[in-house]
Amino acid sequence: MNPKNPINPTNPINPMNDKVPGLYIHIPFCLSKCHYCDFYSLTSISAIADFLDALSKEMEIYVGRFNSLDTVYIGGGTPSLLGPREVENILAGVRENFHLTSDPEITIETNPADLSRSFLASIRGSGINRINVGVQSFDENVLGFLGRRHSVNQAFSAVEASRKAGFANVGLDLIYGTPGQDIDSWLNNLRKAVVLSPEHISCYQLTFEPRTPLGRRYQAGELIVPGEELQHQFFMKTSEFLEDAGYIHYEVSNFARKEEYASRHNQKYWDHSPFLGLGPSAHSFLGNQRWWNYRSLDRYLTSINAGNLPVEETETLTLEQLRLEAFYLGLRTKKGISLQGFKNQYHYDLLTEKEKILGRLEEEGFIFIEDGCLHPTRTGLAIADSLSSI
Ligand code: SF4
């Protein structure tokens, strides 16, 4: 093992390395910090040039390790803060250092406030073929409460402008469960979303992370948040509404207008495909190893500029850990878990080992078994995290 590089991507126990890897790039800048957000980003953008320089060096360090990629996801942070030429250069670096398959999915996360026609036309021209717009809410009051720096009108214009720039795969991110929100006002959000006919919709329940302003207000008892019963109703109504509108509820928080629009990149996180994460705080996975970069731009830059990988920690997973993760992740997806595939990969026969509990969950309507696969029902998806602890 190279002492400068703690990653040894050999694969002694996980036989899934034939899956095609994906690439995630974390752009660690935002113009302002949303009140609920715990992702790593800085509100000063003065170090963008240094970061981009380090990013291209980080790509070079990985040459030959993740050869063939079929997804690239530029996330953050706020990638739409970059100039079109900077986005183009990132993709040129990706193409130079890695091999992309013939039809890669290349996604960028964006803030509606940033999407001018010229920016959209340029990034579409650079090869980005999937755009995710962080709408979060179609209610101005909720946007204010969340600390978003865009308006509802900007969200509508952003989607329209994305279409005009030639994006045929547009995703919207929405948040539900804000204090005081009821089911009707949330369904109004969904109505506005489907009018825009996005190919993909992600609906996340608002969480109160301890390190965020909303987390601190929650801990101080200042916020009245939806109880468990209401949260369950939000989930079920979201699923019913979007499925009635023609969307496939393919993962706990994700909906696609057709199967082909399900996020190919995110699928890699759910089925143990390899992925490489570049940039501060980015995580990677290969074989039975997971590693993550420093959650600090300074430490990231110092490491890279000294010729080292900016890796904070590496974790080697046992077969049992991989099996538990695969079970947990599989139950979060409509596709579910192939029983034979699971047996082959983890040497564990779910039907025999968990016969009683699976039988009970099936009777109670949380799961069903069809064509050799264990699938969660809608009610099962609603409690996917608890299901996986059986
Ligand atoms: S724009 Fe995104 S990454 Fe930046 S602070 Fe808001 S939620 Fe977090």
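Not counting the cut sites, what is the longest span of the chain without GluC sites (Glu not before Pro) that DSSP labels loop and that have at most 12 other Cβ atoms within 10 Å?
On the way: sites that count: Glu222, Glu364.
So the longest stretch without any such site is 1-221.
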*asked:* Among Ser263, Tyr300, Leu331, whose Cα projects farthest towards the positive end of the dipole of segment 245-371, with charges put on the beta-carbon of Lys, Arg (+1) and Asp, Glu (-1)?
replied: Tyr300
*To the nearest 10 square angstrom, what accessible area does Cys34 show with a 1.4 Å probe?*
20
_Fully extended contour minus Cα-Cα distance, from Thr207 to Ser389, at 0.36 nm per residue_ = 63.4 nm
*asked:* What's the magnitude of the charge dipole for segment 154-216 around its Cα centre, counting Lys and Arg as +1 and Asp and Glu as -1 at the beta-carbon? Answer in Debye, nearest 20.
replied: 160
_Relative contact order computed over segment 113-262 (Cα-Cα under 8 Å; 6+ residues apart), in percent_ = 22
*Just how much of Cys37 is accessible, in Å², when a 1.4 Å probe is used and the result is rounded to the nearest 10?*
30
*Rank His150, His26, His347 by mean-square fluctuation in a GNM of the chain with C-alpha springs under 10 angstrom and give only the top-ranked residue.*
His347
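Of the beta bridges DSSP finds with both residues in the chain, what % are antiparallel, to the nearest 5? Mind dumping the intermediate values first?
Details: 23 of 54 bridges.
Beta bridges within the chain, antiparallel portion: roughly 45 percent.
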*What does the charge dipole of segment 290-390 about its Cα centre add up to, to the nearest 20 debye, if the Cβ of each Lys and Arg holds +1 and the Cβ of each Asp and Glu holds -1?*
220
*Just how much of Leu42 is accessible, in Å², when a 1.4 Å probe is used and the result is rounded to the nearest 10?*
60
_Sequence-distant lysines (8 or more away, or on other chains) whose Cα lies within less than 22 Å of Lys192_ = Lys164, Lys237, Lys258
*Over the Cα atoms of segment 31-120, how large are the radius of gyration and the largest Cα-Cα distance (Dmax), in Å?*
14.2, 40
_Under 13 Å, Cβ to Cβ, from Pro84 - net charge with Lys/Arg +1 and Asp/Glu -1_ = 0
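The values are calculated or read from the model by the stated rules, or taken from the named source; none is laboratory data. The structure presented is a predicted model; accordingly, all values stated were derived computationally and were not measured. Cβ: placed from backbone, ideal geometry, glycine included. Neighbour counts: every protein chain shown. Just the protein is used for accessible areas: all its heavy atoms, side chains included, with ligands, DNA and RNA removed. Shrake-Rupley method; radii C 1.70, N 1.55, O 1.52, S 1.80 Å.
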